[in-house]
Each structure stands twice: as C-alpha cells, then as structure tokens.
Amino acid sequence: MASALEDQARRRSAIASTRIERPDRTRVMTVANQKGGVGKTTTTVNVAAALAQAGMRVLVIDIDPQGNASTALGIDHHAEVPSVYDVVVDGKPLSGVVQECPDVAGLWCAPATIDLAGAEIELVSLVAREQRLNRALLAHLQELGDSAYDYVLIDCPPSLGLLTVNAFVAAQEVFIPIQCEYYALEGLSQLLNNIELIRAHLNPELEISTILLTMYDGRTRLSAQVAEEVRTHFPERVLRSTVPRSVRISEAPSHGLTVMTYDPASSGALSYAEAATELALRGAPQRA
C-alpha cells in the first residue's frame, strides 16, 4: 500500500513539473471507435478537462445524439438548447451554440441534443453533407483569431454514419481509445479501413495519431496480452499511459462532472492527466 501511494505521489510530481506548450495551430482530434463501451466519451471529456487544467484552451464538440459528453461537462442540452444539430443541419454558426464548462476554466462545449438522432436522415439531401461541421469549425476558428482553441476534441457516435464522417472530415487527427478486453481489436480493422476511405476521398490530412488503452487491469493476464498486442501493431501511436478500471471515473458523469473535478486525487484522474500530458508533448503528427 505504501509503495502504491509513493508511486502515485511520484507520478503527480512528474505531471506538476512538466510544462506543456501550446501547439503551433489548433489540433482537431476526432475520438472514435466503432465498438461501443470502450470509454470513448469518458476519454474525450477527461482528456479535454486535463488539457484545460494544464492551461490549454479546449473545445469539446459533442456530435453523439446521446449527449453523454455534454452531460459529463455539466452542459445543458435539452431539446430547446442550440446545439450541434443547428450547426450541421441548419448552418447556424458554431459560436451560437458553444457553452463554457462551469467547472473547468478554459474548457468549452458545443452540446448535442436528441435532435441529432434524426440528423443522419436530414443530412442526406444537403449540399456538401460531409463538410458541414468542417466548414462551421473553420469559420469559428477564424472568427476567434489569436484566441482560438489549442485543442478541439470531437466525440462521435459508435457507428460510421454521416455524423461520424463529418467528424472525420473536420479533424486532422484520430484518437482511438481501446478497451483492454477480449474483443478489443474487433472492429478496429474496419475502423482503419474507413479512415483510409475518408483520407482517399474527403480528407487527405487525416492521421491516426493517438491510441489510449482504457479499462486496464494490471492484475489480469488478459489486459497485459491486449496491451502487448496493441503496442505491437501500433508502436508509435499507443500512449505509454493507461487508464485503469475505476469506480470514480464511472461515478463522475452522474454528477455532471469529469473525474478531473469529481475526484482529482483518484487514480483515474491521475491517469487521464498523464495521458493528456503525453498527448500534448508528442505534438501533432508530421505531415508527409
């Protein structure tokens, strides 16, 4: 027990003494995995909160009709609230829907409402349907000028519909959380194929930059095997940091909080702080 506490203290000290610099340009990352239940939304909001706590300006775009990221950030997202739906379907400026997170300075959110559930059908008949979010985001960043965000994280649904395609087209980077469970790599090859299709036809700048292992249990051989397999396949992209299974991480959204503010001293908050720091220090992938 004492050694575990000492290890946590050492890790906290390392984070506190590490200064991360603002990126040269806004890093736009889509957090994606077509398999549900892998910690995608949890990773989005906690990495975003950790980056904001480190002094970055961060925007979370919630393009998942379930609106779980909006809930975790304490953002109002009932049906009457201006949301990402109004941006991608009706062409409303992104500045008209962005709300500031009440608990974390430097963190904003463009919320999702239940209206997004019908957006897939409505987008089909629209001009440049895959570019709607990208155009809105570019216009918003241009409007902000020097005070633009350092990071934009897009939380998308666990499926490849037009909403997810919009997220891929708007981003330069793909951030993939992978659960350390038996079916972890199931569907990953399909996700990689879909990303290649997006690169070929819609967004040649898109790169898989970051993979984070979530729900890691160091006591089980299975977690170690999954981690080893993922690191073997993607040695340059997998973060050294891993996120453990944690009751505190699971509890936080029910209070409208990220684990970074719900229990900053928890192992989950520490792991996400390490992941965010590592992501920032790595920087954006170099263009070929």
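So, in the range 1-57, of the ones that are assigned to a loop (DSSP other than H, G, I, E, B) and of a type in the set (S, T, N, Q), which residue ends up farthest from T164 (Cα to Cα)?
S17
Determine whether the range 204-214 contains at least one residue that is in contact (Cβ under 8 Å) with a residue 60 or more places away in the chain, in a helix (DSSP H, G or I) and either farther than 30 Å from T71 by Cα or not β-branched (V, I, T) (or both). Full working, then the answer.
So the first thing to find is which residues in the range 204-214 are in contact (Cβ under 8 Å) with a residue 60 or more places away in the chain, and the list is 205, 207, 209-210, 212, 214.
This time we only want the ones that are in a helix (DSSP H, G or I), so: none.
Within the range 204-214 (the criterion being in contact (Cβ under 8 Å) with a residue 60 or more places away in the chain, in a helix (DSSP H, G or I) and either farther than 30 Å from T71 by Cα or not β-branched (V, I, T) (or both)), the answer is no, since none of the residues qualifies.
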* Asked: Of all residues in the range 229-288, which are surrounded by 13 or more Cβ atoms within 10 Å (Cβ to Cβ), charged (D, E, K, R) and in contact with a helix residue (DSSP H, G or I) (Cβ under 8 Å, 6 or more places away or on another chain)?
  -> R248, E251, D263, E274
* Structure fact -> Residue pairs within 8 Å by beta carbon, gap of at least six or interchain, first lying in the range 258-275 and under 15 Å from D103 (Cβ atoms), second basic (K, R) and part of a helix (DSSP H, G or I), listed first then second, are V259/R248; Y262/R248; D263/R248; A269/R248
* To do: List every residue pair whose Cβ atoms sit under 7 Å apart, with the two residues 6 or more apart in sequence or on different chains, where the first one lies in the range 143-162 and is over 23 Å from P23 (Cα atoms) and touching a residue at least 40 places away in the same chain (Cβ under 8 Å) and the second, anywhere, is among the polar types (S, T, N, Q) and in a strand (DSSP E or B).
  => C156/T30
* Is it the case that A200 is over 16 Å from the mean Cα position of the chain (by Cα), more than 16 Å from N33 (Cβ to Cβ), of a type in the set (A, V, I, L, M) and part of a loop (DSSP other than H, G, I, E, B)? -> no
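Take S159 and tell me if it is more than 26 Å from I121 (Cα to Cα), of a type outside the set (A, V, I, L, M) and surrounded by fewer than 22 Cβ atoms within 10 Å (Cβ to Cβ).
no
Given T44, T113, which one is on the phi < 0 side of the Ramachandran plot, hydroxyl-bearing (S, T, Y) and at pLDDT below 95?
Numbers: T44 fails: at pLDDT below 95.
The unique qualifying residue is T113.
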* Inside the range 133-176, can you point out the residues that are part of a loop (DSSP other than H, G, I, E, B), more than 13 Å from the chain's Cα centre (by Cα) and at pLDDT below 95? -> A148, S159, L160, G161
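Rundown of residues vs (1) touching a Lys or Arg at 6+ places or on another chain (Cβ under 9 Å); (2) of a type in the set (D, E, K, R); (3) surrounded by 16 or more Cβ atoms within 10 Å (Cβ to Cβ); (4) in a helix (DSSP H, G or I), yes/no style:
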| site | (1), (2), (3), (4) |
| --- | --- |
| V87 | yes, no, yes, yes |
| K92 | no, yes, yes, no |
| S95 | no, no, no, yes |
| P102 | no, no, no, no |
| A105 | no, no, no, no |
| W108 | yes, no, yes, no |
| D115 | no, yes, yes, yes |
| V127 | no, no, no, no |
* Name, by its number, the condition in (1) touching a residue at least 60 places away in the same chain (Cβ under 8 Å); (2) more than 18 Å from A170 (Cα to Cα); (3) acidic (D, E) that does not hold for E122. => (1)
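The values are calculated or read from the model by the stated rules, or taken from the named source; none is laboratory data. On a predicted model such as this, the values are computed, not experimentally measured, just so you know. Cβ sites come from the backbone with ideal geometry, for glycine too, and all protein chains shown count toward neighbours.
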